[in-house]
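The values are calculated or read from the model by the stated rules, or taken from the named source; none is laboratory data. Note that this is a predicted model, so its numbers are computed, not measured. FYI the Cβ positions are ideal-geometry reconstructions off the backbone, even for glycines, and counts take in every protein chain you see. Side chains are part of the model used for accessible areas, which takes the heavy atoms of the whole protein and leaves out ligands, DNA and RNA. Shrake-Rupley method; radii C 1.70, N 1.55, O 1.52, S 1.80 Å.
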Amino acid sequence: MKTLAIVGSSLAGLSAARAARAEGFDGRLLMIGDEVHRPYDRPPLSKDFLAGKVGQETLSLEDPTEDLSAEWMLGERAVALDAGERAVVLANGQRVAADGVVIATGSTARTLPQFEGLENVYTLRTLDDAVALREELRPGARLLVLGAGLIGAEVASTALAAGVEVTLLGGPRVPLTRSVGAHMGAVLAGLHAAHGVTFIQNAVLESVRSEGARLLSVGLSDGRVVEADAVLVAVGGEAATAWLEGSGVATADGVICDDHGRTRVPGVVAVGDCAAWEDQHLGRHHRHGHWNSALTQPARAIKALLGTPDPQPVATLPYFWSDQYGIRIQFSGHAELADRVEIEEGDLSTHTFLAAYYRGEQPIGLLSSGQPRLFGKRRRQLERSLAAQTFTFS
């Protein structure tokens, strides 16, 4: 392989570049990214960066001592993949030929059509998004957050600490049900009211009132009216795969891959938020969509792309963390497979606890709220336990 093109210049793409060099690839390395910024860390965008505690310079993911000898093509959006000629087509019409392609385009924030064209309505996915939203978080301002997932919850916490009046609207399902289950999701959602955020579950938008290009308030189906100086739409993300249409790369809520990240197109792998890898425990393809996947998947995918795949790959457990109201929340495992949850340390009422998820007698997940040290120890035990299993949960 003489030329490797990595489409996506965030954590997953940078990790893939590092893995390629570590595996001995000494050919031409192309880094294609639709943002103009060099690789930066996204988790602080909803926390310390949004709060103004850290500057842009602290977000850099690059090590000044490393030399990847890469050619950076930033501010260039990929619009198509010509699998036959193994070429990435850019929005400016340029065709970038390569022997191998890593798809690391991540995800895009979902938007809501009723807010189209309103200047004080934001999403939070990029550095530029965070810079714009940060200008709205002034003491006494009123922020309306639509969506009580991780991003919505973290921004609500950050804004509240900045003296902003926050209203958080949740959907019909309990927040984080998909990640931690309905019962524990409800426990974590209790953090909002406990710290002074107005949390409205099962909220249904009925009307939007605006003046010029600025939203003034929203009306809910229960008759309530919520006035706001700014709105954050945090209703989830979608895998950035539209550009792959017609390429032969299969997609369905992410790029369909085997457990090495290989797509059905030879010489093309996918990693990170945009990739739906075959999950050995679930028995199906699954898009994790968290920071840890973007960090760990590329090493395995690059080995497979270069022809030296791991002979016995170990299933990587989903893992995420979130900082809310001064509490570190961490989860690892598969909550959807559990038949019971046991509180093994602490007390739910104080939001300081460790919960273990079981399927029969087999532990399959851990949730920690304010117990980072204990979680770290138990997480290692959980990973060893599941790695030793040869069966698939389904």
Original post:
strands (runs of 3 or more DSSP E) wholly in the range 227-346 with at least 3 residues that are of a type in the set (A, V, I, L, M, F, W, C) - which ones?
Top reply: 230-233, 268-270, 275-279, 327-333
Original post:
Tally time: how many residues in the range 35-86 are part of a loop (DSSP other than H, G, I, E, B), of a type outside the set (A, V, I, L, M) and either closer than 28 Å to Gly163 by Cα or in contact with a Leu (Cβ under 8 Å, 6 or more places away or on another chain) (or both)?
Top reply: 16
Original post:
Out of (1) within 17 Å of Gly190 (Cα to Cα); (2) out of contact with any strand residue (DSSP E or B) (no Cβ under 6 Å at 6 or more places or on another chain); (3) among the polar types (S, T, N, Q); (4) without any contact (Cβ under 8 Å) to a residue 40 or more places away in the chain, what's the single condition that is false for Gln324?
Top reply: (4)
**OP:** For the range 206-235, name all the residues that are over 25 Å from Gly163 (Cβ atoms), hydrophobic (A, V, I, L, M, F, W, C) and open to solvent by 50 Å² or more (accessible area, probe 1.4 Å).
**Re:** Val208, Val235
**OP:** Only residues that are over 24 Å from Phe320 (Cβ atoms) and part of a helix (DSSP H, G or I): list them for the range 99-127, please.
**Re:** Pro113, Gln114, Phe115
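Every residue, every condition in (1) of a type outside the set (S, T, N, Q); (2) within 22 Å of Ser179 (Cβ to Cβ), yes or no:
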| residue | (1), (2) |
| --- | --- |
| Cys257 | yes, yes |
| Val269 | yes, no |
| Glu278 | yes, yes |
| Arg287 | yes, yes |
| Gln297 | no, yes |
**OP:** Return only the number of the condition from (1) modelled with pLDDT under 95; (2) farther than 30 Å from Gly24 by Cα that Pro309 does not satisfy.
**Re:** (2)
Original post:
Which residue out of Gly181, Gly152 is on the phi > 0 side of the Ramachandran plot and within 21 Å of the chain's Cα centre (by Cα)?
Top reply: Gly181
**OP:** Report yes if some residue within the range 236-244 is surrounded by 22 or more Cβ atoms within 10 Å (Cβ to Cβ) and of a type in the set (Ser, Thr, Tyr); otherwise report no.
**Re:** yes
Original post:
Taking the condition open to solvent by less than 60 Å² (accessible area, probe 1.4 Å) and under 19 Å from Gly219 (Cβ atoms), does Asn120 pass?
Top reply: yes
Original post:
Across the range 278-313, what is the number of residues that are farther than 27 Å from Gly237 by Cα and open to solvent by 30 Å² or more (accessible area, probe 1.4 Å)?
Top reply: 8
**OP:** Determine, yes or no, whether Phe331 is under 22 Å from Pro43 (Cβ atoms), buried (at least 19 other Cβ atoms within 10 Å of the Cβ) and in contact with a strand residue (DSSP E or B) (Cβ under 8 Å, 6 or more places away or on another chain).
**Re:** yes
**OP:** Search the range 330-342 for residues that are without any contact (Cβ under 8 Å) to a residue 40 or more places away in the chain and pair each with any residue that is assigned to a strand (DSSP E or B) when their beta-carbon atoms are under 8 Å apart and the residues are at least 6 apart or on different chains.
**Re:** Asp339/Tyr358; Asp339/Arg359; Arg340/Tyr357; Arg340/Tyr358; Glu342/Ala355; Glu342/Ala356; Glu342/Tyr358
